[in-house]
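**Student:** Quick one: this structure, given as structure tokens, is what I'll be asking you about.
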Amino acid sequence: MSEETQDDLVLYEVDEDGVATLTLNRPERKNAWSIPMENRFFALLDEAAQDPAVRAVIVTGAGRAFCPGMDMQRLEQNSQPGQSLNLRARVPMYSRRTLPKPVIAAINGACAGIGLVQALICDVRFAARGARFTTAFTRRGLAGEYNLPYVLPRVVGLENALDLLLSGRVVDADEAKELRLVSRVVEPDQLLDAARAYARDIARNCSPRALAVVRHQVYGDLDRTFTDALARSYSAMEFFAGSPDFREGVASFVEKREPKFEGLPPDFDPADATRDAFLPY
């Protein structure tokens, strides 16, 4: 079996606290993105979504890089005259944005192009000091790919997004934090520990149903009006009022103990919490 079809292109482990870690695992290619890696990566995200034992997900890279973008060998093939790009045969890049569990990026090194897209799909981003970021597209003769011209302004603001997209310049982790591209910068040898501590705190103390609904609310409300989002919020409030999770959350606070929330059932649909949106006035 060739390297490009092996399951170890992305490693997967779940710890006792319910934190799943996905590790991009082509260190000899600095974890450059390939289609087999893409298929494996999204299949594992699906597995994490369906596993009630998993409460949070970390995405990181093996070795010294996170993901520097699409494998240059594939880029060279696609750049030849007469070559076409068959995106219809690919996994839709943002199809897992509806994953009902928090996703945390632990960016350990170079993060560019489609690698930056994967980092931005995550909800929270930790970066190792010294990690380097670039959109890279204009420097490869490409337009803004994979919807980054839409996503990036919503993360870093319009001018910062234009700066990064137009120039394709490289920024280090500390500047990335100033630009709001990442929220935490830690020393390289502390990166995974910091990301895991954050994920484990969520896994131990937060209701999986509430996490799923909050993630659904935030991403779903990005393009809604204030009034529509408010109506969905009231519906979610009604959904959780008197629920077992709410009762356990209050009881654990009063009793000064960790809550014992049930895992997320595979068939749980966070849209149910906001489906009958209403305003009480």
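The values are calculated or read from the model by the stated rules, or taken from the named source; none is laboratory data. All figures in this text were calculated on a predicted structure; none of them were measured in a lab. Because the Cβ atoms are built from the backbone with ideal geometry, glycine has one as well, and the counts that use them run over all protein chains shown.
**Student:** Which residue, of ARG196, ARG169, is over 30 Å from GLU238 (Cα atoms) and either within 16 Å of the chain's Cα centre (by Cα) or not assigned by TED's automatic domain parsing to the domain that holds ALA131 (or both)?
**Tutor:** ARG196
**Student:** Of everything in the stretch 9-64, what is modelled with pLDDT of 95 or more, of a type in the set (Val, Ile, Thr) and out of contact with any Gly (no Cβ under 9 Å at 6 or more places or on another chain)? Give them in sequence order.
**Tutor:** Listed by number, the residues that qualify are VAL10, VAL14, VAL19, THR21, VAL57, ILE58, VAL59, THR60.
**Student:** Let me ask something additional. Name the residues in the stretch 108-148 that are outside any loop (DSSP other than H, G, I, E, B), more than 20 Å from ARG97 (Cα to Cα) and polar (S, T, N, Q), would you?
**Tutor:** Selection gives THR134, THR138.
**Student:** Now for a different question. Quick one: TYR281 ticks every box in (1) modelled with pLDDT of 95 or more; (2) in a loop (DSSP other than H, G, I, E, B) except a single one, so which number is it?
**Tutor:** All conditions are met except number (1).
**Student:** State all residues of the stretch 27-50 that are touching a strand residue (DSSP E or B) at 6+ places or on another chain (Cβ under 7 Å), in a loop (DSSP other than H, G, I, E, B) and surrounded by fewer than 24 Cβ atoms within 10 Å (Cβ to Cβ); if no residue qualifies, say none.
**Tutor:** LYS30
**Student:** Let me ask something else about it. Would you confirm whether or not the stretch 208-222 contains a residue that is outside the structural domain of GLU13 (by TED's automatic domain parsing) and outside any helix (DSSP H, G or I)?
**Tutor:** yes
**Student:** May I pose another question? Can you confirm whether the stretch 149-163 contains a residue that is touching a residue at least 40 places away in the same chain (Cβ under 8 Å) and either of a type in the set (Phe, Trp, Tyr) or touching a strand residue (DSSP E or B) at 6+ places or on another chain (Cβ under 8 Å) (or both)?
**Tutor:** No: the stretch 149-163 contains no residue that is touching a residue at least 40 places away in the same chain (Cβ under 8 Å) and either of a type in the set (Phe, Trp, Tyr) or touching a strand residue (DSSP E or B) at 6+ places or on another chain (Cβ under 8 Å) (or both).
**Student:** From the residues in the stretch 149-206 that are assigned to a helix (DSSP H, G or I) and of a type in the set (Val, Ile, Thr), which one is surrounded by the fewest Cβ atoms within 10 Å (Cβ to Cβ)?
**Tutor:** Selected residue: VAL155.
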